[in-house]
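Visitor: Please find one structure pasted underneath; my questions will follow.
The values are calculated or read from the model by the stated rules, or taken from the named source; none is laboratory data. The structure presented is a predicted model; accordingly, all values stated were derived computationally and were not measured. Here the Cβ is made from the backbone with ideal geometry for all residues, glycine too, and neighbour counts use every protein chain on show.
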Amino acid sequence: MPRCWNRFRPWSAFAAMAFCVFIWPAVGVAQPLPFAALLEQTESVRTTDHSLFLTLLKRLHQQASGMSARERWYLRYLDAWQASFQNDYANADPMLRDVIDHSGDPALAAKASAVLVGDLGESKHYVEAFELANRLMTHVPDMQDKLARFMVLSYVSQLLGSAGQYDLAAHYIRDIAQSLPPGQSVCQPATRLLNVLYASHKLTSSSAELQSGIDACQTAREPIFTDTILLVKGSLYLDEDQPDKALALLQRIAPDIHADQYYSNTLASQVELAQAYWKLGDSDNARKAALAALAASDPDDVSETLRDAYQVLYSIEKKQGNSAAALNYYEHYAAQNIGYLNDVSARTLAYDVAQQHMLAQNLETEKLSRQNNILQLKQALATKAVETGRLYITLLLVALASIIFWLFRLKRSQLRFKELSCLDGLTGVFNHQHFIGEANRALSLLEKKRGAACLISIDLDHFKQINDTHGHAIGDAVLKHTVAICKQQLRPTDLFGRLGGEEFGILLQECSRDDGSLIAHRIRKAIDASPIDVDGRVVSYSASIGLVSTETCGYELQQLCAEADAALYRAKRAGRNRVFVDTGSNNLVGAQDTYAP
């Protein structure tokens, strides 16, 4: 998943910023307005002048006793939007569901549903978010309210983008731009489209679309969206190794970001500052910016943005020789990276599950429709002769055969889906979650019969440099090549999984520590001796390996993983391209064969 897609969290950022701004003329506070007009004016300034929005919202609450029932529902919707804007989903979502279920206003319910789609995506309820999005999209062709249609397409496109469905998201965004509600500018759809283009690697810092989007948002006086686009440009500068331009841009927009106090932009700007300072060799300012990002973030948050902050801090401490601090930051970086990759997988999985549910529902509807048709035919055929009865039997058999055929297809799709959910999409070995589950089961069985096992942790050396030098396509080929090499050294009973990024785990069942060490050495030597040739480019690489045995560390998987990671880290610190074996009592023995540095 491209860094910017998660960094700016488009499915949450745009959910909070509300793609639904009518540009209403400013009305003086002293001039009285009917409640309906005041509600519409309040909604219109949410992102253009958020402080005015809060003032008007307070004024509406002071006068709420004189409102009609519909106007009070409108006010409740605005309260829910404000809670969502502040990431207070625990309060926002019940209010949104209340508006959807009880307001009786189709347009208001559609807008509340659109905001709820964004909130569910941000709070990681992905399956529910996609299922709600699917239901909303079935009503889009019949929506008469242009603003409601605008919001639904906007939030659904955000959610699709978060699951990697970039082409479909871009299609909806362009649809939005061609049918804007009255008074609405192209700023918000342009911002949304730029995030999609960045995520799908179709944007550079010199792309004309960037400046067009900035001009549109500045003309529309949308400072939050303007800053979002400028942060995309900053990311592009960093991707293109132009940290000086990124730093100048970030320093220029810092006052605006601070004034808006919008969480996603604030966090992204601090991490980009840290990366720019680090690339320019300014470790002190890089550390300050990275720590500021961590201080501003939710302690339980997991994202690519926070992962990048920890990576900067790890790199600083490693460069300065602070091993303990470097190890601490590396552990946080690894946890964030694994969590982020799992979250990406969860979004993609949720999209597939929602599609499967929709297929099942459509099949059930089709089944009920067929059954209804059959009953009608049966009633009509009751008065006919034997020939008509034969026709009925024929139609019934055809219908039953069709139902069985569709049920068979559904079952086959579900089985295939279940199989794919256990495997890593790139390498074909177990994914992190399935590997952990299978390893736990295997260790439990081995403990009962006192069998031995070894856990191997493998990390490719300088893998980021391979990606940066040769591109992600070569990096992916290196990962697949590594898996193929490892499989040649393993037995059918061994468990093999990708734990995240370039890290792999292997559980050798019924294997002593000495035998496991031999296998680990063979794997290391095979990787070191097998460079990959892709389109004439030969890429040599190596791996660092940590190994632990149940003979010395017991059968608890969490303890085995911790000891294997410690051994792996020692191998890294000792110069990489090494095997370190745990010998018990917290002692590690480094072992390596002769090889060319």
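Visitor: Go through (1) outside any helix (DSSP H, G or I); (2) without any contact (Cβ under 8 Å) to a residue 60 or more places away in the chain; (3) within 20 Å of Gln165 (Cα to Cα) and name the single condition Gly104 misses.
Guide: (3)
Visitor: Ok, one more. Specify which of the listed residues (Leu210, Leu203, Leu120) is within 14 Å of the chain's Cα centre (by Cα) and either free of Cβ contacts under 8 Å to residues at least 60 places away in the same chain or farther than 18 Å from Val353 by Cα (or both).
Guide: Leu120
Visitor: Test each condition in (1) within 24 Å of Lys124 (Cα to Cα); (2) of a type outside the set (S, T, N, Q); (3) in a helix (DSSP H, G or I) for Asp298 and report the one that comes out false.
Guide: Of everything listed in (1) within 24 Å of Lys124 (Cα to Cα); (2) of a type outside the set (S, T, N, Q); (3) in a helix (DSSP H, G or I), Asp298 misses just condition (3).
Visitor: Given (1) in a helix (DSSP H, G or I); (2) closer than 21 Å to Thr47 by Cβ; (3) in contact (Cβ under 8 Å) with a residue 40 or more places away in the chain, where does Ala92 come up short, assuming only one miss?
Guide: All conditions pass for Ala92, except number (3).
Visitor: Right, another one. Based on this model, can you work out whether Ser123 counts as outside the structural domain of Ala90 (by TED's automatic domain parsing) and surrounded by fewer than 24 Cβ atoms within 10 Å (Cβ to Cβ)?
Guide: no
Visitor: Against the definition (outside any helix (DSSP H, G or I) and either over 22 Å from Cys486 (Cβ atoms) or over 34 Å from the mean Cα position of the chain (by Cα) (or both)), how does Tyr555 come out, yes or no?
Guide: yes
Visitor: Could you grab the pairs with beta carbons closer than 6 Å, sequence gap of 6+ or different chains, first residue in segment 550-572 and buried (at least 21 other Cβ atoms within 10 Å of the Cβ), second one acidic (Asp, Glu) and not in a helix (DSSP H, G or I)?
Guide: Glu563/Asp582; Ala567/Asp582; Leu568/Asp459
Visitor: Okay, next question. For residues that are surrounded by fewer than 20 Cβ atoms within 10 Å (Cβ to Cβ), within 30 Å of Val312 (Cβ to Cβ) and not small (Gly, Ala, Ser), tally how many sit in segment 416-460.
Guide: Of the residues in that region, 4 qualify.
Visitor: Moving on. If you take the residues of segment 266-306 that are at pLDDT 90 or above and charged (D, E, K, R), which of them is surrounded by the most Cβ atoms within 10 Å (Cβ to Cβ)?
Guide: Going through the qualifying residues, I end up with Glu272.
Visitor: So Ile338 clears everything in (1) over 19 Å from Leu273 (Cβ atoms); (2) more than 19 Å from the chain's Cα centre (by Cα) except one condition, right? Which one?
Guide: The one condition Ile338 does not meet is (2).
Visitor: A further question follows. Quick one: in segment 497-540, of everything that is in a helix (DSSP H, G or I) and of a type in the set (A, V, I, L, M, F, W, C), which residue is nearest to His470 (Cα to Cα)?
Guide: Among those residues, the one meeting the criterion is Ile527.
Visitor: How about segment 175-192: which of its residues are among the hydroxyl-bearing types (Ser, Thr, Tyr) and not in a helix (DSSP H, G or I)?
Guide: Answer for segment 175-192, where residues must be among the hydroxyl-bearing types (Ser, Thr, Tyr) and not in a helix (DSSP H, G or I): Ser179, Ser185.
Visitor: If we keep just the residues of segment 217-237 that are of a type in the set (D, E, K, R) and not in a loop (DSSP other than H, G, I, E, B), which is nearest to Leu267 (Cα to Cα)?
Guide: Ranking the qualifying residues of segment 217-237, first place goes to Asp227.
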